[in-house]
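Participant: Can you keep this structure in mind? I'll have questions shortly.
The values are calculated or read from the model by the stated rules, or taken from the named source; none is laboratory data. Keep in mind that what you see is a predicted model, and the values were worked out from it rather than measured. Cβ sites come from the backbone with ideal geometry, for glycine too, and all protein chains shown count toward neighbours. Just so you know, the surface numbers come from the protein's heavy atoms only, side chains and all, with ligands and any DNA or RNA stripped out. Shrake-Rupley method; radii C 1.70, N 1.55, O 1.52, S 1.80 Å.
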Amino acid sequence: MSAIAVIDYGLGNLHSVSKAVERLGCEALVTSDLAEILSADGAILPGVGAFGDAMAFLRETGMDEATRAFAASGKPLLGICLGMQLLFDEGEEHGPHQGLGLLPGRVVRFRGEYKIPHMGWNRLQFRQESPLLEGLEEGHVYFVHSYHALPAEPLDLIAVTDYHQPVTAIVGRGNVTGMQFHPEKSGELGMSLLRNFLRLAGAPAASDNR
């Protein structure tokens, strides 16, 4: 059974993410222990809240360097929601604040005469081939966010959605990937995306074990 570290730095939807991982047949280790994180087959960086607060918690707990070290190991790393945003160089929320610097780009607030936060079900539009999308068709997933990522490198943009503009939904470079939406709350498509990530960590190609 593949073991997936759910990185605990004091913020994030740890319970729902870990339960989704377990439903898909993997062991979920909710942990802030460096050795446990580095020994896992894959790692997930969840997150809710503000970019600057999250980076402060990551630094205080040492989970910023743990996340960078895991990414450097070559094993699959997934950021979810705020966790995806933290992968980038910088965020402007109450900012600017330095991010983890694993993906080039910035995270900025939605600007326009429309409802913020962006909240609800929106359709994914695939932009690049990726193992995360293997066997899947475009469909709807669940978003809740007021800030969105602007990747500096177009090839890092795997999928977008439309919210008055193209909005970054899935990113990836090598073993580092991110999803702006909540796959664990996004029905069949969300669980299928999460399943594909777990396969990158060595999980068997099994169906959802509900």
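Participant: Within region 38-58, track down each residue that is touching a helix residue (DSSP H, G or I) at 6+ places or on another chain (Cβ under 7 Å) and more than 26 Å from residue 149 (Cα to Cα).
Facilitator: 38
Participant: Could you list, in sequence order, the residues of region 75-108 that are under 15 Å from the mean Cα position of the chain (by Cα), farther than 14 Å from residue 156 by Cβ and open to solvent by 30 Å² or more (accessible area, probe 1.4 Å)?
Facilitator: 75
Participant: If you take the residues of region 1-56 that are of a type in the set (S, T, N, Q) and assigned to a loop (DSSP other than H, G, I, E, B), which of them is most open to solvent (accessible area, probe 1.4 Å)?
Facilitator: Among those residues, the one meeting the criterion is 32.
Participant: For region 180-189, check the following and say yes or no: at least one residue is surrounded by fewer than 17 Cβ atoms within 10 Å (Cβ to Cβ), among the polar types (S, T, N, Q) and at pLDDT 95 or above.
Facilitator: For region 180-189, residues surrounded by fewer than 17 Cβ atoms within 10 Å (Cβ to Cβ), among the polar types (S, T, N, Q) and at pLDDT 95 or above: absent.
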